[in-house]
Each structure stands twice: as C-alpha cells, then as structure tokens.
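Structure first, then comments.
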Amino acid sequence: MARGLRDIKRQIKSIQNTKQITKAMEMVAAAKLRRAQEKATAALPYSDKLKEVVSSIAAGTQGISHPMLEKREVKKTGYLVITSDRGLAGASNSNILRKVYNFISERHQSKDEYAIFVIGRKGRDYFRRREMPVVEELTDLSDSPTFGDIKSIANAAVGQYERGEIDELFVCYNRFVNALTQDPQVDQLLPMENIGGGDSAASYEYEPSPERVLEVLLPKYAETLIFSAMLNAKASELGAKMTAMGAATKNASKLISELTLTYNRARQAAITQEISEIVAGANAQQ
C-alpha cells in the first residue's frame, strides 16, 4: 500500500510540473498572439493602397494586357502552403494540410500537374512522406516574420507563374478568426481576374506608362498578399497554441484533483487498516 501511495504522489508531482509548463506556454502564446494581430493589422493599409493603385490602372486603361491578369489554359498548378515549424497547436496544421491534400486529390490525376511551395516543417514533412512534388521550401521562421523572411519563396512562386511554368497559383493557409477558431483557406492568387473590377475615386498619373507601372506593381502586390496570408497563418498558429495549452492546463488540474482524491482515499484506507490491525492485536493479547 505504501508503494502505491508513493507512486500516486510521484504522478501528482509530475503532472504539476507539466501543468506549470503548459501554463507558461499558454501565457507566452497569448503575448505573441497580441503582437501578431497588431502586425497583421498594421500591414493592411499598405496592401489596401497597393490594391487601389493596381485596380485603378487595370480598370482605367483600355486594352491593357499582363500575364498575371489573364486566364490561360491550365497545364500545371502551383500551391503555396503555409504551416508551422512546431506542433503543440491543436489541429491547426492537420486541418489545413488535410484540406489541401483533398483539394489536390480532387483536381489532379498526376504529380506532374502540380507543384508545391511550402512554408513550415510540418507541411514539408507531410508532403515528403506522401512523395508529393515540393519544389520550394522555407523553414525556421520566427513568430514575428518580416517580408524579407518570406520574399524568396513568394518571389519563386510568382516568378514561376510569370515565366509560364505554372498556369495558376493558390495560397493555402489558416485564416485567423479568433483564438478558438482558425478557418482553413485555399484561395486563388493568380491569375488576378477581378483586380480591375472595383471603383477607385482616386486619379493617378503614371510615368513612364500605366502598363510599365503595372508590370512592376503586380508581382509586388501578389507577394504582399502572400505576406498577408503568412501573418494570418502565424496569428492562427499562436491562437491555436494558446487554446491547446489552456486546455492542457485545465486537463492537468482536473487530473491532479482526481489523483489527489484517490491518494487521500488510499491513505485513509491504509490508516484504517493499521488501526484495525492494532485493535486486533490488542484483543488477541487479552
């Protein structure tokens, strides 16, 4: 019985240590999530203004032609998938990876029909295990990524579209709703078929020409949208991690309470047994 009590006490101590870790991780994720949300919000004015300028050129110039605005026959599709480098984030990674896998399986019969650009170890390892064609990868990003961190892979994906190596490009990521909800998205990035559909109240003059300005701005705009998706995915990752660590802390507290009750009952039973043995011994001597 004494050995059983020691085992329960040791288990309680181990869970208490784990609870301290998960609580600390929850607090760290909460602080990082706040910064990630602020960064995503701060990036919106730039992308909105860039979209306004691009839309103004595309809508106000007759007969404008650019490969990033024109739909063409699809022979090969690119998928830029954003995941995390580490786990402990609930179902955040598995949800987006499952959605992308099903989306690809429904649309393609051969691996030659698509190429994958992946951000994060979780996504890279997932696609490698399934022997899916990963043509570009990026890992070891910080929890506060900059545009320079993802510029290489964004430039590679957009560049392949411009060169005609792929005929459409999708960006796949978890859209941040709140700390409890992350919505897996598979959004078409290229071609930008409806970029000139909105009305712009601003009037611009362009040098040397609208076509030349558009040629420079469209790739930058596409890369900006990828960066915006990256910030969204990072906020989703941190929100999922905060929620998962919070749930783990609550489960640890519940388990400690149950084990403490078991320990007290076992200890009470041991004391009762000892008293019974003492009384029985005393009676036997009379």
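General remarks:
- Candidates are the residues of the range 255-280 that are touching a residue at least 24 places away in the same chain (Cβ under 8 Å) and of a type outside the set (S, T, N, Q); the one that is surrounded by the fewest Cβ atoms within 10 Å (Cβ to Cβ) is A269.
- Look at (1) exposed (fewer than 14 other Cβ atoms within 10 Å of the Cβ); (2) at pLDDT 80 or above and you find that G63 fails only one, number (2).
- Number of positions in the range 221-241 that are closer than 21 Å to L180 by Cβ and among the β-branched types (V, I, T): 0
- Selection status of Q109, at pLDDT below 95, among the polar types (S, T, N, Q), under 25 Å from P219 (Cα atoms) and not in a strand (DSSP E or B): no
- Residue pairs whose Cβ atoms lie under 8 Å apart, sitting 6 or more positions apart in sequence or on different chains, and linking a residue in the range 106-123 that is over 14 Å from K76 (Cα atoms) to a partner that is among the charged types (D, E, K, R) and assigned to a helix (DSSP H, G or I), are V118/R124.
- Of the residues examined, V81 is one that is modelled with pLDDT of 90 or more, outside any loop (DSSP other than H, G, I, E, B) and either in contact with a Gly (Cβ under 8 Å, 6 or more places away or on another chain) or of a type in the set (D, E) (or both).
- Summed over the range 2-33, the residues that are surrounded by 12 or more Cβ atoms within 10 Å (Cβ to Cβ), over 33 Å from the mean Cα position of the chain (by Cα) and of a type in the set (A, V, I, L, M) give a count of 3.
The values are calculated or read from the model by the stated rules, or taken from the named source; none is laboratory data. Keep in mind it's a predicted model, so treat the numbers as computed, not measured. Using ideal geometry, Cβ is built from the backbone for each residue, glycine included, and neighbour counts are taken over all protein chains shown.
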